[in-house]
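Trainee: Supplied in structure tokens, the structure appears directly below.
The values are calculated or read from the model by the stated rules, or taken from the named source; none is laboratory data. Here the structure is a predicted model, which means the values were calculated and not measured. Virtual Cβ from ideal backbone geometry, glycine too; neighbours counted across all protein chains shown. Please note that ligands, DNA and RNA were not included when accessible areas were found on the heavy atoms of the full protein model with its side chains. Shrake-Rupley method; radii C 1.70, N 1.55, O 1.52, S 1.80 Å.
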Amino acid sequence: MQRPRTMTTTVIDGNVEGDGGATRRLPRIPLIDQARGVALIAMASYHFTWDLGFFGYIEPETATTGGWRLYARLIAGSFLFLVGFSLVLGHQRGFRPKPYFMRLGKIVLAAAAITVATWFAFPQTFIFFGILHAIAAASLIGLLFLRLPVAVTLLAAAAVAVAPLYLRAPIFDHPALWWVGLSVTPPRSNDYVPLLPWLAPVLLGIAAARLFVASALPERLAGFGNTSRSRWKTLLEQAGRHSLAIYLIHQPVLIALVYGFSLVMPAPAADPTVSYTKSCMRACINERDAGFCQSFCGCTLDRLMGENLFADLNRGAIDITDQRIATISSQCTADADARSEPQE
């Protein structure tokens, strides 16, 4: 008697499809899509905060410092963890090239579109290796761990996580190697998610999914996710299934909304001298101590204004490559060094 066809699960952008196979049938688990939906909401809230800073309603650095910085990392980590988790579910009974490469192709195209769009919108901080680029690369590397022992995957995740603490080197400062994540001086970008250490949550997702599939949790969670189907759960699940489309659309929509609001109620005009000092301090503090930076930034501001260069620099008529700016920077560096030297 011929054995009946059973079902396996394949995750394509959050969707679970059936296909024939000879191993254990995994039920549909709505909680996975719902978790992805929650991550999307968190991502949108973070980007909205960034937009408010960009248009001047809050401090521009709000979204990139303090608790917001940690919040952004948790959001990125959750998406990457789900990538690894879904990769296992999608290929639990063997690699399926067609859905895999269809999904990968969509992500690569979306990542390229993000790079091109931000190159024109923010040329100084365009996104050359953001979350979508990381997902594409991790999806390729993750295939190597689908059949390895869980212990090996966990050890690899630990190694990847700590690699930037010990392996940074000047050679990785070359733009062609920025994607690795071992640069001594991190490049500027509005969304920088290098392979190291961000491959770690993907590997953790793979290890967790391997343990999950081997347990009785799939059946239990499938039943839990299908009970008390409230509207918000359904909406979260639908959002999770279309996460890539929502990712591409949500930020242009949020920017358009904040921009439209700014036309009606513009943000208070920022004091350019305060903005310059904050920007100068952020750039300087990565290399020198606070005392030097305060002296240097105060000196450069005074001399720029004294030589009537500040307004031109502020509106972009001249830039830091201008010889006059370079001279001021050199003079103020010497002055700040002299002030910071211990007195005899």
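Trainee: Checking the conditions here, which among L132, L143, L165, L148 is of a type outside the set (V, I, T), over 20 Å from the mean Cα position of the chain (by Cα) and assigned to a helix (DSSP H, G or I)?
Mentor: Result: L143 is the single residue among L132, L143, L165, L148 that is of a type outside the set (V, I, T), over 20 Å from the mean Cα position of the chain (by Cα) and assigned to a helix (DSSP H, G or I).
Trainee: What is the number of the single condition among (1) touching a residue at least 40 places away in the same chain (Cβ under 8 Å); (2) buried (at least 18 other Cβ atoms within 10 Å of the Cβ); (3) among the hydroxyl-bearing types (S, T, Y) that T125 does not meet?
Mentor: Here T125 meets the rest and fails (2).
Trainee: For residues that are closer than 15 Å to G142 by Cβ and within 20 Å of the chain's Cα centre (by Cα), scanning just segment 90-107, find the one that is surrounded by the most Cβ atoms within 10 Å (Cβ to Cβ).
Mentor: If we take residues in segment 90-107 being closer than 15 Å to G142 by Cβ and within 20 Å of the chain's Cα centre (by Cα), then R103 is surrounded by the most Cβ atoms within 10 Å (Cβ to Cβ).
Trainee: Then there's this: Going by what's in this entry, would R73 be described as more than 18 Å from the chain's Cα centre (by Cα) and either buried (at least 20 other Cβ atoms within 10 Å of the Cβ) or not aromatic (F, W, Y) (or both)?
Mentor: Judged against the criteria, R73 is not a match.
Trainee: Looking at T65, T6, which is the one that is exposed (fewer than 14 other Cβ atoms within 10 Å of the Cβ), at pLDDT below 95 and either polar (S, T, N, Q) or over 22 Å from the mean Cα position of the chain (by Cα) (or both)?
Mentor: The unique qualifying residue is T65.
Trainee: Just a yes or no: is a residue in segment 41-61 part of a helix (DSSP H, G or I) and acidic (D, E)?
Mentor: Yes, because at least one residue in segment 41-61 is part of a helix (DSSP H, G or I) and acidic (D, E).
Trainee: Go through segment 140-163 and give me each residue that's within 17 Å of F85 (Cβ to Cβ) and either in contact (Cβ under 8 Å) with a residue 60 or more places away in the chain or open to solvent by 60 Å² or more (accessible area, probe 1.4 Å) (or both).
Mentor: Answer for segment 140-163, where residues must be within 17 Å of F85 (Cβ to Cβ) and either in contact (Cβ under 8 Å) with a residue 60 or more places away in the chain or open to solvent by 60 Å² or more (accessible area, probe 1.4 Å) (or both): L140, I141, G142, L144, F145, L146, R147, L148, V150, L154.
Trainee: Give V213, V258, V202 a once-over and let me know the one that is closer than 24 Å to A117 by Cβ and either at pLDDT 95 or above or more than 26 Å from the chain's Cα centre (by Cα) (or both).
Mentor: V258
Trainee: Then there's this: Quick test of your reading of the structure: V38 fulfils all but one of (1) assigned to a helix (DSSP H, G or I); (2) free of Cβ contacts under 8 Å to residues at least 40 places away in the same chain; (3) not charged (D, E, K, R). Name the failing condition by number.
Mentor: For V38, the exception is condition (2).
Trainee: I've got another one for you. Within segment 164-193, which residues are basic (K, R) and surrounded by 15 or more Cβ atoms within 10 Å (Cβ to Cβ)?
Mentor: Within segment 164-193, R168 is the sole residue that qualifies.
Trainee: Being of a type in the set (S, T, N, Q), in a helix (DSSP H, G or I) and within 17 Å of the chain's Cα centre (by Cα) is the requirement here; does S86 meet it?
Mentor: Considered against the rule, which asks whether it is of a type in the set (S, T, N, Q), in a helix (DSSP H, G or I) and within 17 Å of the chain's Cα centre (by Cα), S86 comes out as no.
Trainee: Can you tell me which condition L80 does not meet? The list is (1) crowded, with 18+ Cβ neighbours inside 10 Å; (2) under 26 Å from A176 (Cβ atoms); (3) touching a Lys or Arg at 6+ places or on another chain (Cβ under 8 Å), and all the others hold.
Mentor: (3)
Trainee: Separate question: Which members of segment 266-283 meet the condition of being within 19 Å of T333 (Cβ to Cβ) and of a type in the set (S, T, N, Q)?
Mentor: Of everything in segment 266-283, those that are within 19 Å of T333 (Cβ to Cβ) and of a type in the set (S, T, N, Q) turn out to be T277, S279.
Trainee: Name the residue, out of L244, L263, L257, that is open to solvent by less than 70 Å² (accessible area, probe 1.4 Å) and among the hydrophobic types (A, V, I, L, M, F, W, C).
Mentor: L244
Trainee: Only one of (1) of a type in the set (F, W, Y); (2) under 30 Å from A117 (Cβ atoms); (3) part of a helix (DSSP H, G or I) fails for Y192. Which number is that?
Mentor: Tallying (1) of a type in the set (F, W, Y); (2) under 30 Å from A117 (Cβ atoms); (3) part of a helix (DSSP H, G or I), Y192 fails exactly one: (3).
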